[in-house]
Amino acid sequence: MRLNPFSKKSAGSSGGYYARIKAEFEQVERELAKTRKAHAQAQADYDAEQAEYQRIKDSLNPRRVERSPQEDRQWARVTAAHDIVQPLVSHLRSLEEQVRELRPIVEAPTKLQEAQAALKALSQKDRQTQAERERLQDQIAKIEARLAKAEVKVKEETLVASQQWADSTDSDEAAQTAFAPPTALIQAELEVRLAKTSLETLQQQLQAVDASRADLPQARHDARRAYQYARYLVSDIEMHEQLEPLLPVIARATSAAYDWSPYLEQRKYVIKLSDELVAQASRQLDAELEQL
C-alpha cells in the first residue's frame with residue numbers, strides 16, 4: 001500500500017497532515033513528561049504539608065475547641081499546595097487523553113508493516129507445517145501398508161514354522177532341541193516391530209505438528225484484525241494528505257452554501273460515493289489481504 005506521508009513530495013513538506021500530527025504528538029509527549037514531573041513534585045509538597053499539619057494537630061491538646069493559629073497557618077499551606085496539585089492533575093489527564101488519541105495515528109505506518117510481516121510469517125508457517133503434515137501422513141500410510149503385509153507374512157510363516165515344529169516331535173530328542181524358527185519368520189517379526197516403532201514415532205511427530213498448528217486460526221484472525229485497523233488508519237492518513245490541497249476549494253463551496261442558506265453546514269461537506277467505486281475499493285482491499 002502506498003502511503004503519502006512517506007512519498008518524496010510530502011516527506012520534505014513540513015505542512016503535511018501526518019508530519020503535523022507527528023509533531024503535535026511529540027510536543028504533547030514532551031509536555032506530558034514535564035507535567036508528570038511537576039505533578040510528582042507538587043504532590044510530594046502537598047503530602048509533606050499535610051503530614052506537617054497532622055503532626056501539629058497531634059501535638060496539641062485534643063480537647064481544645066478551636067484550631068490554634070499554628071494550625072491555621074499550616075492549613076493555609078496545605079490548601080495552597082492542594083491548589084497547585086489540582087490544576088496539574090486536570091492538565092495531566094488532558095495530555096494523556098491527547099496522547100491516546102494521537103498515538104494510533106503516529107504509529108499506524110509502523111503497525112501496518114508489523115501486521116503485514118506477522119501475516120506473512122503465519123502464512124509461511126501454515127504452508128510449512130501443512131507440507132510437513134502431508135509428508136508425515138504419506139509416510140505413515142506407507143508404513144501402515146508395509147506393516148499390514150509384514151503381519152500377514154508373520155501369520156503365514158508362523159503356520160509353516162508350527163508345522164515344522166510339529167513334525168520335529170517325531171524325531172529324536174536331539175533333533176527336537178536343535179529346532180530353530182525359520183529365518184523368514186524372524187525377519188517378518190522384526191519388520192513388524194520396526195514398523196510399529198516407526199509408526200509410533202511418526203504419529204507423535206504428527207501430533208506435535210498438529211499442536212503447533214492449533215493456534216494458527218486465532219493467531220491469523222488477530223493478525224488480520226491488527227492489519228485491518230492499521231490499514232484503516234494509514235488510509236485515513238493518505239486521504240487527509242491528498243485532501244489538504246482541496247480544502248480551500250471545499251471551504252469556499254461550504255461557505256457559499258452557508259451564505260445562501262444559514263441552515264446548511266459551513267464546516268462540513270458530505271461526499272456520497274457510488275456503489276461501483278465502493279465495490280472497487282473493497283475488491284482492492286480483499287486482494288491485498290489475499291496476498292498476505
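Each residue, A121 and A211, gets one label point 7 Å from its Cα in the Cβ direction; the gap between the two is 2.1 nm. Here the chain is assigned +1 on the Cβ of each Lys and Arg and -1 on the Cβ of each Asp and Glu. Its dipole about the Cα centre then comes out at about 1620 debye. Annotation: region 142-275 has a Kirkwood hydrodynamic radius of 23.6 angstrom, from the mean reciprocal C-alpha pair distance.
Per residue, the solvent-accessible area of the chain (1.4 Å probe, heavy atoms of protein chains only, all protein chains present) comes to 71 Å².
Between 0 and 90 degrees, the angle of helix 247-260 with respect to the longest Cα principal axis of the chain falls at about 60 degrees. Database remark: amide H of S68 closer than 5 angstrom to no amide H (H placed geometrically; neighbours at sequence offset of 5 or more, or on other chains; Pro and chain starts carry no H).
When only the Cβ of Lys, Arg, Asp and Glu is charged (+1, +1, -1, -1), the dipole of region 101-247 relative to its Cα centre reaches about 560 debye.
Kindly state, to the nearest 0.05, the FRET efficiency for E114 paired with Q280, given R0 = 25 Å and r defined as their beta-carbon distance. Between E114 and Q280 the formula returns 0.35. Residues in region 182-191 carry Karplus couplings, in order, of x, 4, 4, 5, 4, 5, 5, 5, 5, 5 Hz; the curve used is 6.51 cos²θ - 1.76 cosθ + 1.60 with θ = phi - 60°, and Gly or Pro positions show x. Taking a quarter of the surface of the Cα convex hull of region 87-209 gives a mean projected area of 14.7 nm². Please go through region 180-273 and write out the GluC sites (Glu not before Pro) that DSSP classes as loop and that have at most 12 other C-beta atoms within 10 Å. For GluC sites (Glu not before Pro) across region 180-273 that sit outside H, G, I, E and B with at most 12 neighbouring Cβ atoms in 10 Å, the list reads E265.
Using only Cα atoms, tell me the angle between helix 69-168 and the longest principal axis of the chain; keep it within 0 to 90° and round to the nearest 10. Around 10 degrees separate the two axes. Evaluated with a Cβ-only charge set (Lys, Arg +1; Asp, Glu -1), region 38-114 carries a dipole of roughly 280 debye about its Cα centre, given to the nearest 20. In the chain, the calculated helix contribution to ellipticity at 222 nm averages -30000 deg cm²/dmol per residue, counting -39,500 (n - 2.57) for every DSSP H run with n ≥ 4. Under 16 Å of direct C-alpha separation, and excluding same-chain neighbours fewer than eight residues apart, K153 reaches these aspartates and glutamates: E144, E189, E191. Karplus-based coupling profile of region 57-67, in residue order and whole Hz: 4, 5, 7, 9, 5, x, 8, 5, 8, 10, 6, with θ = phi - 60° in 6.51 cos²θ - 1.76 cosθ + 1.60 and x standing for Gly or Pro. Obtain the radius of gyration and the Kirkwood radius of region 41-155 from its C-alpha atoms and give Rg over Rh. Reported Rg/Rh (Cα atoms, Kirkwood Rh): 1.67.
Each Cα pair under 8 Å and six or more residues apart adds its separation to the average, and for region 35-95 the resulting relative contact order is 57 percent.
Altogether, the Stokes-Einstein calculation at 20 °C and 1.002 mPa s, with the Kirkwood radius of the chain over Cα pairs as Rh, returns a diffusion coefficient of 74 µm²/s.
How large is log10 I(q)/I(0) at q = 0.22, 0.24 Å⁻¹ when the Debye formula is applied to the Cα atoms of region 59-110, each weighted equally and without solvent? These q points yield log10 I(q)/I(0) values of -0.84, -0.89. Think of the chain as having a plus end and a minus end, set by charges on the Cβ of Lys, Arg, Asp and Glu; of P248, A108, V234, P248 sits farthest toward the positive end of this dipole. Across region 39-52, rounded Karplus estimates of 3J(HN,Hα) from the backbone phi angles (6.51 cos²θ - 1.76 cosθ + 1.60, θ = phi - 60°) give 5, 4, 5, 5, 5, 5, 5, 5, 4, 5, 5, 5, 5, 5 Hz, Gly and Pro being marked x.
Counting only residues at least eight positions apart within a chain, or on another chain, the aspartates and glutamates with an alpha carbon under 18 Å from that of K268 are D236, E241, E244, D259.
When a 1.4 Å probe is rolled over the protein heavy atoms, the share of accessible surface on region 79-222 that falls to carbon and sulfur comes to 54 percent.
The values are calculated or read from the model by the stated rules, or taken from the named source; none is laboratory data. Fair warning: this is a prediction, and the values are worked out from it, not measured in the lab. With ideal geometry, Cβ positions are generated from the backbone for all residues, glycine too; neighbour counts draw on all protein chains shown. In case anyone asks, the SASA skips ligands and DNA or RNA and just uses the protein heavy atoms, side chains included. Shrake-Rupley method; radii C 1.70, N 1.55, O 1.52, S 1.80 Å.
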